[in-house]
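Worksheet for the structure shown next.
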Amino acid sequence: MKIPSLVLILAFPALLFSQWDTNGDNSSSGNLKIGSSTNDNIPELTIVGPNQPLGAGSARDINFDFAAAGEAVIRAYRGGSWDTYLQFLTMPYNGGSPKIRMHIAGDGRVGVGTSSPGTSFEVNGHINLGSNLSDAATQNNSYGNKLYFLGAHLNTDPLWISRFNSSYDVSELRVNIGDNLTSLSDKFVVGTTYGNLWQSHFTVQSNGFVGIGTSNPDSQLAVKGLIHAQEVKVDLNGAVAPDYVFKEGYDLWSINAVEAYIDQNGHLPNIPSAAEFKSEGLNLKEMNLKLLEKIEELTLYIIDQNAKIENLELQNEKIFKWAEGVKITN
């Protein structure tokens with residue numbers, strides 16, 4: 001009785017795993033477990049591949065085959081050296097063969113919708129960041145998911161872009177460029193690269209100053225170049241329109257005094273000189289008000305001159321009549 005018992009013991013493993021064949025197709029309706037929970041060893045499930053051919057010809061697949069439906073595949077293959085590639089394939093809705101949805105190259109580059117990513121992460125298709133939540137708490141004064149930009153050594157400036165819901169169906173796209181409202185160094189810049197040369201075109205500093213054609217704006221809006229506008233509206237913001245020129249008591253210079261000032265200074269009173277324009281620039285609001293002041297002063301000069309002309313004409317008419325009377329009497 002000992003011999004049959006020994007045969008049964010030796011034959012049991014073969015009976016247990018008889019459905020697994022290393023030379024052909026295998027199937028099992030049961031569970032498959034690898035490893036143990038009682039040690040720290042990392043268990044392996046090894047699928048052996050060939051040395052040749054290179055590339056996709058060496059592919060090895062793990063298939064998920066659904067009865068009377070499609071399949072999904074995890075595929076691996078070797079490259080030209082020690083590099084390996086991993087792909088994830090799924091079946092389209094209308095059937096056919098599994099399509100590559102995600103590709104991981106040997107150098108770590110990841111492609112979604114492409115099997116030849118040119119950067120660390122490349123997507124051929126649309127990207128949704130976050131989802132449309134049915135959550136009333138996110139309706140008012142709340143941010144959606146943020147896209148952060150990292151990768152700088154010892155730089156704690158938060159750079160991110162995000163959707164902001166100010167109220168129902170009222171949204172903003174917010175771009176954060178730092179954490180210091182008074183800093184002149186943190187900037188949002190739009191520009192062009194020519195080779196290794198960067199040329200900035202549009203700059204927003206974290207203090208709110210905006211520059212067009214300049215990367216160092218010194219005011220709320222600094223433009224280095226030509227501005228083409230259909231209309232420009234300037235608020236007085238405390239400035240006074242020069243209607244005071246027409247009010248009684250206004251100290252209007254005499255024409256002789258203006259002439260003397262021009263002879264001495266080479267420009268009108270209360271108007272900057274050419275040298276001042278060159279060094280300080282031109283303040284449009286201030287200059288327009290000064291020019292309007294001069295126009296109103298000029299109007300007063302014209303009115304005064306017209307009164308004098310009318311008086312002279314009246315005197316001339318009287319002299320002419322007197323002369324005619326003298327001529328007739330004689």
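Structure data summary
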{"item": "Any pair with Cβ under 7 angstrom, 6 or more apart, that starts in the range 45-57 at a residue that is assigned to a loop (DSSP other than H, G, I, E, B) and ends at one that is among the charged types (D, E, K, R) and at pLDDT 85 or above", "result": "I47/R60; G49/R60; G49/R78; L54/R78"}
{"item": "Test: residue in the range 212-219 that is part of a loop (DSSP other than H, G, I, E, B) and closer than 30 Å to I295 by Cβ", "result": "yes"}
{"item": "Residue check for A152: surrounded by 13 or more Cβ atoms within 10 Å (Cβ to Cβ) and either within 16 Å of the chain's Cα centre (by Cα) or more than 30 Å from A68 (Cα to Cα) (or both)", "result": "no"}
{"item": "Residue selected from the range 73-100 under the condition crowded, with 16+ Cβ neighbours inside 10 Å and of a type in the set (K, R), by the criterion modelled with the highest pLDDT", "result": "R75"}
{"item": "Unique match (being outside the structural domain of N165 (by TED's automatic domain parsing), farther than 30 Å from R174 by Cβ and not charged (D, E, K, R)) among S120, S116", "result": "S116"}
{"item": "Of the criteria (1) among the small types (G, A, S); (2) within 26 Å of L86 (Cα to Cα); (3) without any contact (Cβ under 8 Å) to a residue 12 or more places away in the chain; (4) outside any loop (DSSP other than H, G, I, E, B), which one A137 fails", "result": "(2)"}
{"item": "Lone qualifier among L268, L300, L292 - being over 25 Å from F209 (Cα atoms) and either in contact with a Leu (Cβ under 7 Å, 6 or more places away or on another chain) or assigned by TED's automatic domain parsing to the domain that holds T203 (or both)", "result": "L300"}
{"item": "L252 vs. criteria outside any helix (DSSP H, G or I) and farther than 30 Å from D186 by Cα", "result": "yes"}
{"item": "Count - residues of the range 197-211 that are among the small types (G, A, S) and assigned to a strand (DSSP E or B)", "result": "2"}
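The values are calculated or read from the model by the stated rules, or taken from the named source; none is laboratory data. These numbers come from a predicted model, not from an experiment. Positions of Cβ are generated from backbone atoms using ideal geometry, with glycine treated the same way; all protein chains shown enter the neighbour counts.
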